Each structure stands twice: as C-alpha cells, then as structure tokens.
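One structure is given here, and the rest of the page talks about it.
The values are calculated or read from the model by the stated rules, or taken from the named source; none is laboratory data. Being a predicted model, the structure only gives us computed values, none of them experimental. Neighbour counts run over all protein chains shown; Cβ positions are idealised from the backbone, glycine included. Just so you know, the surface numbers come from the protein's heavy atoms only, side chains and all, with ligands and any DNA or RNA stripped out. Shrake-Rupley method; radii C 1.70, N 1.55, O 1.52, S 1.80 Å.
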Amino acid sequence: MTADQSELSEIIKSSARELGFDLVGIAAATTPLGFHPFLSWIEKGFAADMSWMERRKDAYQHPAGVLPDCRSVIMVAVNYHHHASQDLSADSSFSLSPRIARYALGHQDYHAVLRGRLRSIVRTIKQFRPDAASRAVVDTAPLLERDFARQAGIGWFGKNTMLISRNIGSWFFLGAVLTSEQLSYDEAHNSQHCGTCTRCLDACPTDAFPEPYVLDAGRCISYLTIERRTEHIPPDLRSGLGSWLFGCDICQEVCPWNRFAPGECIPEFAVNQSHQSLSLNDLLQMTESTFNERFTGTPLERTGRDAIIRNAAIVAGNSGRTDLLTALQQLLQDDSELIREAAYWAIQEIHTNKNRSQ
C-alpha cells in the first residue's frame, strides 16, 4: 500500500482516534526545548532520589536515544477522568476510604492499556512503510513526553507542571510512538493560558512548588506515596499527606481548566468500585497475599505492599482515629522496618491528638 507523507500522517491520526485517543499530534524528532531546563532541574536536586533520571540524562537529549534514526514523534492523549471519580476523590473525610489519585482508580494499569493501543499504531505504520522502524513508548523510556506533546500541539505546561489541554483539561495519560518515518508535523502549542492564576501552587499542602512551573519532587505527595517505596517519608511532610494513600490530585482538582474534562473514559479506566470499599482498618491488616489478591493488575500494585501499608499508617496517624490503634500496634511486629516505623509514628500522633482534645 502506498501513501504520501501527508496522507500517512492523516491515516495515523485517524487510527489513533479510532483506538480511543482523545488527542493526537505529530512532532519532529529534535532536541526538546525542555532538555536543558530538565538538566538544571536534576542538578538542583528536584528529582529527589529518582537516580535513573541522572543515569539516563543524555538519552533525553534526542528521541534517537530511544529509537535510533527517529525522525518523528506521534503523541497521543487519552482522558481518564470519569464522573464517578469526582465523588470518590472529592471527600477528604478520614472516615471514608483513604484517597487514591484519579488515574489509579481504574481497573487496569494504564501502561499496559496504552501500550497495546500504541502497538496498533505501530502496525499501521508498518502496513504503509514496511521498512520503517517504530516503537511504542509509555512513561518509562527516557523521553520528555510533555515537551513533545507541546510540540505536537496537544497543550501547554501549567504552573503545576502538568500538561493542560484547552479541550479536555489535564486529566489524561500521554503515550508516544517514535518512528524513523518522516511525517507531517503539527504546529506547536507555544501560548500559555494560566494567566495570573496560582490556585495549584497555593493549594499544595507540602509546598512542592518552589516557583511556578517547577516541581520539587521530594516534597510532592505523589512522589512520596508512590516513588519513595523503600525509604521513610520525612516526618515534617507527613501531616501534609492528609488522607492520600496513593498519589495526589490537589493541584489538578483546583485547576479551572479541568471544568472541561470529559465525564466518560474508556472502560479500562472507569472507576473500580472495589476501591470504594477500601478502609484504613483493612489496609493496615493486609498481608502480602491479600495485597496481591486485591491489587495485582491495578496501578496500586506498583508500589508493593510495604509502601502501601506505610502510607496507610501515616494516613491513620493524620486521622487521629483511636479505633485504628489496635491494628497499628499489631504492625509494630511487622517484618518491614518501613512499616514498623510508620506505625509507631502514627500511634504517637493519635495519642498526641487525643491529649490535645481533652
């Protein structure tokens, strides 16, 4: 089959939309504009202990670091916001389920879902260009996806560092297909639409934004509850976690652009109702086997049992709930030192709060 450069680009975009992607654009494979700011961000220590970024920093300089001879980057975005997630996430009451970031409320891990659909785009390219090399990328390769999404016209960087679309807000996943094929490129989204708004910066309970457009990952609740899996969460940041068990949505919840977020998403990202029945007491008593039974195949599997129970203990400490003391005291005998320390801290917090209220 034959198609010229422009026709193939339109075929790819049409295929992406048929696969359920809400937005699609194509950018040239060049050194991303954000590469040098990215290096500066790492040098300032804002990547915390995510050492893989430092180790792979040279690969971020060009998509050829992921796919040799890469000439084009196809960027897609898919909404994960669902109207049911509004009710699940909006209530910060400790008496209800601990809070889970909206992106993790679905039935399946987005990496697998997006990768499968992106590989369909790879097959489309192969159909028209048998000799082209292409690779699907979701979140784990050394590629500055946000930069290429901006170059592909999908959106702009908000002050909370999230990519924002005028059409669907910021509740979306990004995926990419790198290809050696020359395609037609979209106009970059070079304008900003945040104006003087600072709601996202003002709302962050751990002050994770040292300035607009800059995130200190070491203070971010999402980093602390997900990426920091084998280390203690610094005591001075624990109260800021509030009731967040996994991730955080605060800076997106307050963003005015998210009023445009769709109310429906693909079935794989629809709210998993079992998350509604999660209770702190159940979490604190979760064994390795019950953790695997409950979370295998979901985003929460990623952190492992120890980090999730550590997070649950901190949420329990923040709650001040004395009915959780028995479960916390049992965790003082847990095999994980990470969990034992968090449980001890939580017990002290609950007793302190109880004494203050008397």
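Suppose we filter region 11-51 for residues that are of a type in the set (Asp, Glu) and touching a residue at least 24 places away in the same chain (Cβ under 8 Å); how many remain?
Result for region 11-51: 2.
Would you confirm, using the coordinates I've provided, whether Ser184 is more than 18 Å from the chain's Cα centre (by Cα), of a type in the set (S, T, N, Q) and modelled with pLDDT under 95?
no
Six or more apart or on different chains, Cβ atoms under 8 Å: show the pairs whose first residue is in region 160-171 and farther than 12 Å from Arg150 by Cα and whose second is surrounded by 23 or more Cβ atoms within 10 Å (Cβ to Cβ) and charged (D, E, K, R).
Pairs found: Trp171/Arg102.
Which of the numbered conditions does Val122 fail, given that it passes all the others? Conditions: (1) β-branched (Val, Ile, Thr); (2) part of a helix (DSSP H, G or I); (3) under 19 Å from the mean Cα position of the chain (by Cα).
That leaves (3) as the condition not met.
Please determine, by comparing only the residues of region 18-32 that are open to solvent by 50 Å² or more (accessible area, probe 1.4 Å) and over 22 Å from the mean Cα position of the chain (by Cα), which one is nearest to Arg123 (Cα to Cα).
This residue is Glu18.
Would you mind listing the helices (runs of 4 or more DSSP H) fully within region 248-358 where at least 2 residues are touching an Asp or Glu at 6+ places or on another chain (Cβ under 7 Å) and either over 21 Å from His107 (Cβ atoms) or of a type outside the set (S, T, N, Q) (or both)?
305-319, 337-357
Cβ-Cβ below 6 Å, separation at least six or inter-chain, first residue in region 213-240 and buried (at least 22 other Cβ atoms within 10 Å of the Cβ), second of a type in the set (Lys, Arg) and assigned to a loop (DSSP other than H, G, I, E, B): which pairs?
No pair meets every condition.
Does Leu245 satisfy being part of a strand (DSSP E or B) and open to solvent by less than 30 Å² (accessible area, probe 1.4 Å)?
Taking the combined requirement at face value, the residue satisfies it.
Test Asp207 against the stated conditions and say whether it is open to solvent by 30 Å² or more (accessible area, probe 1.4 Å) and closer than 23 Å to Ser40 by Cβ.
Against the criterion (open to solvent by 30 Å² or more (accessible area, probe 1.4 Å) and closer than 23 Å to Ser40 by Cβ), Asp207 qualifies.
Give region 188-204 a look and list any residue that's in contact (Cβ under 8 Å) with a residue 60 or more places away in the chain and surrounded by fewer than 17 Cβ atoms within 10 Å (Cβ to Cβ), or say none.
His193
Do you know which residues across region 308-330 are open to solvent by less than 20 Å² (accessible area, probe 1.4 Å) and without any contact (Cβ under 8 Å) to a residue 24 or more places away in the chain?
none
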